[in-house]
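What follows is a set of notes on a single structure, which appears directly below.
The values are calculated or read from the model by the stated rules, or taken from the named source; none is laboratory data. None of these values were measured; they are calculated from a predicted model. As a convention, Cβ positions derive from the backbone with ideal geometry for all residues, glycine included, and neighbour counts pool all protein chains shown.
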Amino acid sequence: MATSVQERPALEAELGARRTAEQAARRRRLHWLDLASSLWSPITVLALTLIPYLVLIESFPSTAAGALSVMQVFGLLMVAWFVGLLVWRTVDRKRSEARRLRHEARELNSELAHGLATVHDPAARDRLVELAARVDAAAATGDTALLEREIRALSDQAARVVPAFRKQSAVGIGIGLAKALALALLIRTLFIEPFRIPSGSMLPTLQVGDQIFVNKFLYGVRIPYANVVPFPIVRRPERGDVIVFDNPVTGQDYIKRVVGVPGDVLRFRDGAVYLNGHVVPGRMEQPQVDIWESNDGSPWRLVHLDLWTERLGTRDHEILHTRPPRIDAPEGDIVVPPGSVFVMGDNRDNSADSRYGLGGGGNDPKVVFVPYGHIKGKAMIIWLSLSHGGLLSNFFGGTGLRTERFFRQVR
């Protein structure tokens, strides 16, 4: 293995020494052109931009409105870049084929750099280096026919003199895919996980069909299946946080808002929420607004609900109430136990939350709290919205692309 690692820079150095200044300059230009024309480029740039955006709006919530406008424009530019690349690849077949061949040439030379260590015949090794140099030179000319011939010649020669050349290539691809999969699983387990909103229990904050990112790092890394969070990394869940959790009753993933934390005393009376003896402040913003609901892909239906603004702590958020309000909330004082939170949906009268057994059923469901160990993370932003209205909704039964919801912070 040590010899193989040394062979790679040796081959690259030898190829570099054979290039003219013009070939080297053209090769650099083509390399940057290939990077810019990769379909992964706009996706990668957007993903890298999301990181400072998330840090900014989570650390300084007052900047969220201004940052959102910039991020939405930037996101649309990335979409335009991606669509433009698709069109270009479809229309300009010749340049697209040249790009593919240059990529194949780079991959072939990379595989050869690792395989040269197994070639002990000096003449065979020199022949491989010569063919690799011809591939490198052909890649800089833009002549696709010449490049294809040189790639075929090098590949055929390598298959004859490099032991298990094809097998090494397949193993290399397998190792690369395994590394990518492991990295994706690590990110999903420790940092960010996507989640789709399947129902209207969190309307109007979250629309049915919103796709969100969940911050799994904030509250501490959860050990799956064991439902244990050994220690908080940044902080514990707070009132007003919108959290995704593993429902301790049904085992499904739920999303609700934290209303009570350990030690809080809640009481429900006349449609109002009392927290530690004080009514949670709220005011009606608009009566009987149009709300579109759906549940797990069912047809959209229009309902009319009262839109309110509620304040938990120092943060305002919107909620919905039916008219008349639901009156079957649990009676008496509810004390939130240590290590748990009390959650409610923003669509207050249409939510299977802690008040109603978290959807566990039964004629008289008991109050159910969410233990810390079941919490997966805090909802951060909407990264995609396939909800009612928006682009192409006339063609898909009312479901369309809601670009105005892209990158909105979940508050």
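Is it true that some residue in region 226-242 is of a type in the set (Phe, Trp, Tyr) and either touching a residue at least 60 places away in the same chain (Cβ under 8 Å) or in contact with a Lys or Arg (Cβ under 9 Å, 6 or more places away or on another chain) (or both)? No, region 226-242 contains no residue that is of a type in the set (Phe, Trp, Tyr) and either touching a residue at least 60 places away in the same chain (Cβ under 8 Å) or in contact with a Lys or Arg (Cβ under 9 Å, 6 or more places away or on another chain) (or both).
How many of the residues making up region 269-301 are closer than 12 Å to Leu320 by Cα and out of contact with any Ser or Thr (no Cβ under 6 Å at 6 or more places or on another chain)? Break it down stepwise before answering.
First pass over region 269-301, keeping only residues closer than 12 Å to Leu320 by Cα: 271, 282-291.
Checking the rest, the ones that are also out of contact with any Ser or Thr (no Cβ under 6 Å at 6 or more places or on another chain) come to 271, 282, 284, 286-291.
Selection size over region 269-301: 9.
Taken as a whole, the condition of being free of Cβ contacts under 8 Å to residues at least 24 places away in the same chain and surrounded by 15 or more Cβ atoms within 10 Å (Cβ to Cβ) does not apply to Asp290. Scanning region 252-269 for residues that are surrounded by fewer than 22 Cβ atoms within 10 Å (Cβ to Cβ) and over 21 Å from Val335 (Cβ atoms) yields Gln252, Asp253. Within region 279-317, being part of a loop (DSSP other than H, G, I, E, B) and among the small types (Gly, Ala, Ser) holds for Ser294, Gly297, Ser298, Gly313.
Look through Val234, Val259, Val244, Val221 and report the one residue that is of a type outside the set (S, T, N, Q), touching an Asp or Glu at 6+ places or on another chain (Cβ under 8 Å) and either in the same structural domain as Pro371 (by TED's automatic domain parsing) or not in a loop (DSSP other than H, G, I, E, B) (or both). It would help to see each step written out before you state the result.
On the way: Val234 fails: touching an Asp or Glu at 6+ places or on another chain (Cβ under 8 Å); Val259 fails: touching an Asp or Glu at 6+ places or on another chain (Cβ under 8 Å); Val221 fails: touching an Asp or Glu at 6+ places or on another chain (Cβ under 8 Å).
None of the other options fit; the residue is Val244.
A search for C-beta distances below 7 Å between a residue of region 194-213 that is within 16 Å of Thr322 (Cβ to Cβ) and without any contact (Cβ under 8 Å) to a residue 60 or more places away in the chain and any residue that is assigned to a loop (DSSP other than H, G, I, E, B) and among the polar types (S, T, N, Q), counting only pairs 6+ apart in sequence or on different chains, returns nothing. In this entry, Asp296 passes the filter for residues that are out of contact with any helix residue (DSSP H, G or I) (no Cβ under 9 Å at 6 or more places or on another chain), on the phi > 0 side of the Ramachandran plot and surrounded by fewer than 15 Cβ atoms within 10 Å (Cβ to Cβ).
Scanning region 112-124 for residues that are touching a residue at least 40 places away in the same chain (Cβ under 8 Å), under 18 Å from Leu384 (Cβ atoms) and among the hydroxyl-bearing types (Ser, Thr, Tyr) turns up nothing.
Within region 233-251, being under 16 Å from Gly339 (Cα atoms), surrounded by fewer than 16 Cβ atoms within 10 Å (Cβ to Cβ) and over 23 Å from the mean Cα position of the chain (by Cα) holds for one residue alone: Glu238. Set side by side, the residues Tyr274, Tyr254 differ, and just one is within 23 Å of Arg315 (Cβ to Cβ), assigned to a strand (DSSP E or B), among the hydroxyl-bearing types (Ser, Thr, Tyr) and more than 19 Å from the chain's Cα centre (by Cα), which is Tyr274. When each of Leu35, Leu77, Leu48 is tested for being surrounded by 12 or more Cβ atoms within 10 Å (Cβ to Cβ) and either at pLDDT 90 or above or out of contact with any Asp or Glu (no Cβ under 6 Å at 6 or more places or on another chain) (or both), the lone residue that passes is Leu77.
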